[in-house]
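Participant: The structure's right below; bear with me while I get my questions together.
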Amino acid sequence: PARLAAFEARVAADEFIEPKDWMPDAYRKTLVRQMSQHAHSEIVGMLPEGNWITRAPNLRRKAILLAKVQDEAGHGLYLYSAAETLGTSRDEMTEALLSGKAKYSTIFNYPTLTWADIGAIGWLVDGAAIMNQVPLQRTSYGPYARAMVRICKEESFHQRQGYEITMHLAAGTPEQKRMAQDALNRWWWPSLMMFGPPDEKSPNTEQSMRWRIKRDTNDELRQKFVDITVPQAEAIGLKVPDDKLKWNEERGAYDFGEVDWEEFYAVVRGEGPVAKERMQARQKAWDDGAWVRDAARVHAEKRAAAKQAAE
Amino acid sequence: PARLAAFEARVAADEFIEPKDWMPDAYRKTLVRQMSQHAHSEIVGMLPEGNWITRAPNLRRKAILLAKVQDEAGHGLYLYSAAETLGTSRDEMTEALLSGKAKYSTIFNYPTLTWADIGAIGWLVDGAAIMNQVPLQRTSYGPYARAMVRICKEESFHQRQGYEITMHLAAGTPEQKRMAQDALNRWWWPSLMMFGPPDEKSPNTEQSMRWRIKRDTNDELRQKFVDITVPQAEAIGLKVPDDKLKWNEERGAYDFGEVDWEEFYAVVRGEGPVAKERMQARQKAWDDGAWVRDAARVHAEKRAAAKQAAE
Amino acid sequence: MSPLATYALRLGDDSLILGQRLGEWCGHAPALEVDLSLANVALDQVGQATHFLGLAGALEGEGRDGDALAFRRDVMDFTNCLLVEQPNGDFAQTIARLFLFSHYQELLFMALMASKDAQLSAIAAKAVKETAYHVTLASDWVVRLGDGTEESRARMIAGLDWMWRFADELFAMDDVDATALEAGVGVDKAALRAAWDARIDAVLADATLERPASRRPVLGGRVGRHSEHLGHLLTEMQFLQRAYPGATW
Amino acid sequence: MSPLATYALRLGDDSLILGQRLGEWCGHAPALEVDLSLANVALDQVGQATHFLGLAGALEGEGRDGDALAFRRDVMDFTNCLLVEQPNGDFAQTIARLFLFSHYQELLFMALMASKDAQLSAIAAKAVKETAYHVTLASDWVVRLGDGTEESRARMIAGLDWMWRFADELFAMDDVDATALEAGVGVDKAALRAAWDARIDAVLADATLERPASRRPVLGGRVGRHSEHLGHLLTEMQFLQRAYPGATW
């Protein structure tokens, strides 16, 4: 209890907690859950965009997309490493993902149907992710906060690239503009879901905020995202698919419609439109890669043994 | 010896030998080899054309191609059944194919690169096949001869379809004409190889002709093919890729260049351009299908047992 | 496109995409007899697609024929149900798709024969005979695989599990369907559900299989919201027409 | 196209097609680190393709840029070697392809740095640094897999066996190569063979693997006679450019 009080005082003073510091079990558990979920999201998030690498429309876009998806793999690596400092191995986390015990962002259970979706993902999905992540650069757990600094820099670059793709399409042929609008129609609501359930249904928020694992509520972030994104859509002549959307002069913010929470909870349960595809792809990569990982391990052992014998 | 003499007399009198008739071992062996090779060729031959079913250029062509490849599967079935009357099972024949012990026509080790290849295969490959097969309608083994009657009818239909595709391309856009000419360039020589090695290097020919398993020599059939096909090419404005090709007034036939027999023997050895792909595809179909074939057998046994128990 | 043209288009797209998928099996099936059967179904579906898409183009009246519709629309404008675009997977998955779809298609065509549109009714009358064979083929294999070996049973269950979430879409009615129904041209698909359920259940019982659990249906194919699979299928299917604009074949 | 434009085109096609193949791995590799490495190589190859194809278009002088060359030629006009278009297969097959090719590419670029064509020489000078990493990556994996488990060894052998027949084509010289060589622009590829053999043999020895048996080489890629794999690759790669002619992206 004295340790707990000291811990809470440090957190309240915005000090970083480091791997070797004492921390409450619930804090550790919450962090592992959140960080591994975040890492899994980066990895599963490679799939919808990876789906367009072979079909990117020109050489420049192909290179940019390859680099972007590569960045996501890199983010996954940082985050798994950061989470491993809390005593859970990457393999354990991966198995939790594949067994369905661990979650990843619901957004990646929606399909990428046209090239415009690559724009929409960068613009909206990375945009929403940044909104969630910027505060995490000051989160209380040191390794997580430091990973987030690096990640946020790259994410905002991705967000600009995504917006640029969308802008280009919106200014393109009628078919391209239609594609861009359709992508916005399909990705808008799932993007709003990325901030999680409404505050009154988010029981862990208070604790997480006290621990500085979260620094804003879901609804606060969602509002911020809407307020920033709607003018961006208008600027390039696209329409946000929400009849209730309206600037509220008094609040200095947009009023907007209700997210379909039933859909959100279904997707959380694993019933998203392409959830089975996502898990099948990860499972297959894991299974097909088993002999490679084994070989690397066995080879390293052989070489180590040979070296020792030679000494 | 008396039985042998009687057998040879029957064959010489153009009588059909039937499954239950006595026959020399060498006759049986030669027939199984030839018929199973023929059956395997039908099955492996589904692959180069099957390669274009998903890319056929319009609905009509897609339907025609599907029907054609289906016919080939049907031919495979007749021929395996006919060969089975000689006491070798289809599974045994398949295993001989997959182990490399049994051969199939060298022609199917060349790739189909453009839609024009579908035309060229019908026109040239089926054309050459008919040339080989028409005499087999009068071959001495009854089941084989009867299978050939049915097959030849369909093959000549395929040949006309193939020529029609080629004709259409040759009369099409410059790109289409180029495609048709390129296909002719690539398929011409392999088609000539379909008649087998030159007579002086074909040691079994004499015996096979005596037994009416063959009715013409390789070189005779090759000449016939050239004489029929060259005018067909000219009629649609395509050029046969052979500088030595020339009408020989005296012989009443075309003189033509030498086939690259070194290439032919390499392909026979299994070193054709896509031989590995062909065998990999057949092996995979066989391996992946094992559980299906098992299930069908086990299910039939279960139902039979249940029926018996109920009686 | 008018609702009635769209109605024909949807029918054609279902057949076209299923035919395309089944065509992928050609030369790779578990046994020669199966190769023949699957090619047969593919051929029937391509034939149906030719009729329905031709009709859709004629009803549209803008000079697009069946080939233009098949080979020159992108994914947003395809209206097939999600079920038919699902990947072949293993043989059990292919059979599961055909099983759910062919029972639906047979019931649909039986009802469509009463259409006031003479052409739709004629196409349905021809197609329904073909579909009877598809139904038998698929149902027999469901029974064989379900009540076969342990492996085949597990695969059959997995195949059904993959496809099941797309079943509800088959019977969903939207404005296009309602308009076609009111005009006496289209079918009340929702009304087919009970008969379909009974057929499916009967076969599953014979196969000693359980009906997969219901879950949130995945919808959207009819209005161009597809899975990621369809786009890849189209790259193959449409290549030649797109690479050589203006050529005839 | 002039021989020199064709020369640049071939270099670009090799990089483009290998980059495309490696891009297929994205999100599906055996480990996250491998995913990163393969994407890295893919990215380098796409970059090289951009430079070489841009140069080829400029030398041709008919207004085709790198994208026009990459996305608007059909299979007969692609000039890449057969090796790079081979399917990924399993990870061992992918590594076998990269192993044979990257050693060739490094030797080639080292020689190409001496080209009298300032642009070719500059592209080679940049690319050769990237290629050093590809060589190390592939060779290390050949050793790990060859001298790893029994399964990895068997797969590495099978992967090399699949790719080996396409090695001779890398060093084959034809008229285009001869013209470029005489002009002081191109490389004597045949002269690279001995150094390549020595490198390959050294790595195989370290991997405790034997060199696959020689067999009849498969040639033709440089003049558009490809395997069946390339056409399918192009349907995917070129879809958008072909489906939306005139659009920019």
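The values are calculated or read from the model by the stated rules, or taken from the named source; none is laboratory data. This one's a predicted model, so the numbers in the text were calculated from it and none came from an experiment. Cβ: placed from backbone, ideal geometry, glycine included. Neighbour counts: every protein chain shown. Keep in mind that these areas ignore ligands, DNA and RNA; they rest on the heavy atoms of the full protein, side chains included. Shrake-Rupley method; radii C 1.70, N 1.55, O 1.52, S 1.80 Å.
Participant: Restricting attention to region A:190-206, does a residue exist that is part of a helix (DSSP H, G or I), more than 20 Å from A:Arg61 (Cα to Cα) and within 14 Å of another protein chain (Cβ to nearest Cβ)?
Facilitator: yes
Participant: Suppose we filter A:Gly172, A:Gly237 for residues that are at positive phi and in a loop (DSSP other than H, G, I, E, B); which single one remains?
Facilitator: None of the other options fit; the residue is A:Gly237.
Participant: Being touching a Leu at 6+ places or on another chain (Cβ under 7 Å) and assigned to a loop (DSSP other than H, G, I, E, B) is the filter here, so list the residues in region A:72-103 that pass it.
Facilitator: Result: A:Leu86, single match.
Every residue, every condition in (1) closer than 20 Å to D:Ala132 by Cβ; (2) of a type in the set (Asp, Glu); (3) facing another protein chain (nearest Cβ under 10 Å), yes or no:
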position: D:Leu22; (1), (2), (3): yes, no, yes
position: D:Leu32; (1), (2), (3): no, no, yes
position: D:Asp44; (1), (2), (3): yes, yes, yes
position: D:Phe52; (1), (2), (3): yes, no, no
position: D:Gly57; (1), (2), (3): no, no, no
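Participant: Of these, B:Met131, B:Met148, which one is in a helix (DSSP H, G or I) and over 21 Å from B:Pro48 (Cα atoms)?
Facilitator: After ruling out the rest, the residue left standing is B:Met148.
So that you can scan it fast, the table gives a plain yes or no per residue for (1) open to solvent by less than 20 Å² (accessible area, probe 1.4 Å); (2) within 16 Å of B:Arg212 (Cβ to Cβ); (3) touching a strand residue (DSSP E or B) at 6+ places or on another chain (Cβ under 6 Å):
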{"site": "B:Arg28", "(1), (2), (3)": "no, yes, no"}
{"site": "B:Leu31", "(1), (2), (3)": "yes, yes, yes"}
{"site": "B:Ser41", "(1), (2), (3)": "yes, no, no"}
{"site": "B:Arg90", "(1), (2), (3)": "no, no, no"}
{"site": "B:Leu98", "(1), (2), (3)": "no, no, no"}
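Participant: Checking C:Ala202 against (1) over 24 Å from C:Ala49 (Cα atoms); (2) within 14 Å of chain B (Cβ to nearest Cβ); (3) more than 20 Å from the chain's Cα centre (by Cα), which test does it fail?
Facilitator: (2)
Participant: From D:Glu169, D:Glu182, grab the single residue that is closer than 23 Å to D:Ala111 by Cβ, free of Cβ contacts under 8 Å to residues at least 12 places away in the same chain and among the acidic types (Asp, Glu).
Facilitator: D:Glu182
Participant: Can you tell which of A:Thr173, A:Thr166, A:Thr139, A:Thr106 is within 23 Å of A:Ala56 (Cα to Cα), of a type in the set (S, T, N, Q) and touching a helix residue (DSSP H, G or I) at 6+ places or on another chain (Cβ under 8 Å)?
Facilitator: When all the criteria are applied, what remains is A:Thr166.
Participant: For region D:156-197, how many residues are surrounded by 20 or more Cβ atoms within 10 Å (Cβ to Cβ), within 14 Å of chain A (Cβ to nearest Cβ) and among the aliphatic types (A, V, I, L, M)?
Facilitator: Going through region D:156-197 one residue at a time, the tally reaches 1.
Participant: Further, regarding this structure: Taking region A:171-197 as the region of interest, how many residues are closer than 21 Å to A:Lys244 by Cα and either aromatic (Phe, Trp, Tyr) or exposed (fewer than 15 other Cβ atoms within 10 Å of the Cβ) (or both)?
Facilitator: Total satisfying the criteria: 4.
Participant: Conditions: (1) within 14 Å of chain D (Cβ to nearest Cβ); (2) open to solvent by 20 Å² or more (accessible area, probe 1.4 Å). B:Asn132 meets all but one. Number of the miss?
Facilitator: (1)
Participant: Return the total of residues in region A:238-264 being touching a helix residue (DSSP H, G or I) at 6+ places or on another chain (Cβ under 6 Å), within 14 Å of A:Trp188 (Cα to Cα) and of a type outside the set (A, V, I, L, M).
Facilitator: 3
Participant: Provide a single number: the residues in region A:108-139 that are closer than 16 Å to A:Arg282 by Cα and in contact with a Phe, Trp or Tyr (Cβ under 9 Å, 6 or more places away or on another chain).
Facilitator: Residues in region A:108-139 being closer than 16 Å to A:Arg282 by Cα and in contact with a Phe, Trp or Tyr (Cβ under 9 Å, 6 or more places away or on another chain): 1 in total.
Participant: From the list C:Arg193, C:Arg153, C:Arg211, exactly one residue is in contact (Cβ under 8 Å) with a residue 40 or more places away in the chain and basic (Lys, Arg). Which is it?
Facilitator: C:Arg153
Participant: What are the residue pairs meeting all of these: first residue in region A:36-59, first residue more than 7 Å from chain D (Cβ to nearest Cβ), second residue among the basic types (Lys, Arg) and part of a loop (DSSP other than H, G, I, E, B), Cβ atoms under 6 Å, and 6 or more apart or on different chains?
Facilitator: Pairs that qualify, where the first residue is more than 7 Å from chain D (Cβ to nearest Cβ) and the partner is among the basic types (Lys, Arg) and part of a loop (DSSP other than H, G, I, E, B), are A:Gln37/A:Lys103.
A quick yes/no check of all residues on (1) of a type in the set (S, T, N, Q); (2) crowded, with 18+ Cβ neighbours inside 10 Å; (3) more than 10 Å from chain B (Cβ to nearest Cβ):
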| position | (1), (2), (3) |
| --- | --- |
| C:Phe78 | no, yes, yes |
| C:Val84 | no, yes, yes |
| C:Ala114 | no, no, yes |
| C:Ala154 | no, no, no |
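Participant: Is there a residue being open to solvent by 60 Å² or more (accessible area, probe 1.4 Å), of a type in the set (Lys, Arg) and within 19 Å of C:Val84 (Cα to Cα) anywhere in region C:224-236?
Facilitator: yes
Participant: Go through (1) surrounded by fewer than 21 Cβ atoms within 10 Å (Cβ to Cβ); (2) more than 30 Å from B:Pro57 (Cα to Cα); (3) within 14 Å of chain A (Cβ to nearest Cβ) one by one and return the number of the condition D:Tyr244 breaks.
Facilitator: D:Tyr244 satisfies all of (1) surrounded by fewer than 21 Cβ atoms within 10 Å (Cβ to Cβ); (2) more than 30 Å from B:Pro57 (Cα to Cα); (3) within 14 Å of chain A (Cβ to nearest Cβ) except (2).
Participant: May I ask you to list the residues in region A:67-80 that are farther than 11 Å from D:Gly27 by Cβ, within 8 Å of chain D (Cβ to nearest Cβ) and aliphatic (A, V, I, L, M)?
Facilitator: Scanning region A:67-80 gives A:Ala67, A:Leu77.
Participant: Among the residues of region B:205-219, write down those that are of a type outside the set (A, V, I, L, M), farther than 19 Å from B:Glu263 by Cβ and surrounded by 15 or more Cβ atoms within 10 Å (Cβ to Cβ).
Facilitator: Across region B:205-219, the qualifying residues are B:Thr205, B:Ser208, B:Trp211, B:Arg212, B:Lys214, B:Arg215, B:Asp216, B:Thr217.
Participant: B:Lys62 fails exactly one of the following numbered conditions: (1) more than 30 Å from D:Arg216 (Cβ to Cβ); (2) touching a residue at least 12 places away in the same chain (Cβ under 8 Å); (3) open to solvent by less than 10 Å² (accessible area, probe 1.4 Å); (4) outside any loop (DSSP other than H, G, I, E, B). What is the number of that condition?
Facilitator: It fails just one condition, (2).
Participant: Another question, then. Can A:Val69 be described as in contact with a Cys (Cβ under 6 Å, 6 or more places away or on another chain) and either crowded, with 21+ Cβ neighbours inside 10 Å or assigned to a helix (DSSP H, G or I) (or both)?
Facilitator: yes
Participant: I'd like the full set of residues that are among the polar types (S, T, N, Q) and open to solvent by 10 Å² or more (accessible area, probe 1.4 Å), limited to region C:86-112.
Facilitator: Result: C:Asn88, C:Gln93.
Participant: Scan region A:251-271 and give yes if some residue there is assigned to a helix (DSSP H, G or I), open to solvent by less than 20 Å² (accessible area, probe 1.4 Å) and either touching a residue at least 40 places away in the same chain (Cβ under 8 Å) or more than 7 Å from every other protein chain (Cβ to nearest Cβ) (or both), otherwise no.
Facilitator: yes
Participant: Anything in region D:67-76 that is within 13 Å of chain A (Cβ to nearest Cβ) and open to solvent by less than 10 Å² (accessible area, probe 1.4 Å)? List them, or say none.
Facilitator: Passing the criteria: D:Leu69, D:Ala70, D:Phe71.
Participant: Of A:Trp291, A:Trp286, which residue is within 14 Å of chain D (Cβ to nearest Cβ), of a type outside the set (S, T, N, Q), more than 23 Å from A:Val226 (Cα to Cα) and open to solvent by 30 Å² or more (accessible area, probe 1.4 Å)?
Facilitator: Among A:Trp291, A:Trp286, only A:Trp286 is within 14 Å of chain D (Cβ to nearest Cβ), of a type outside the set (S, T, N, Q), more than 23 Å from A:Val226 (Cα to Cα) and open to solvent by 30 Å² or more (accessible area, probe 1.4 Å).
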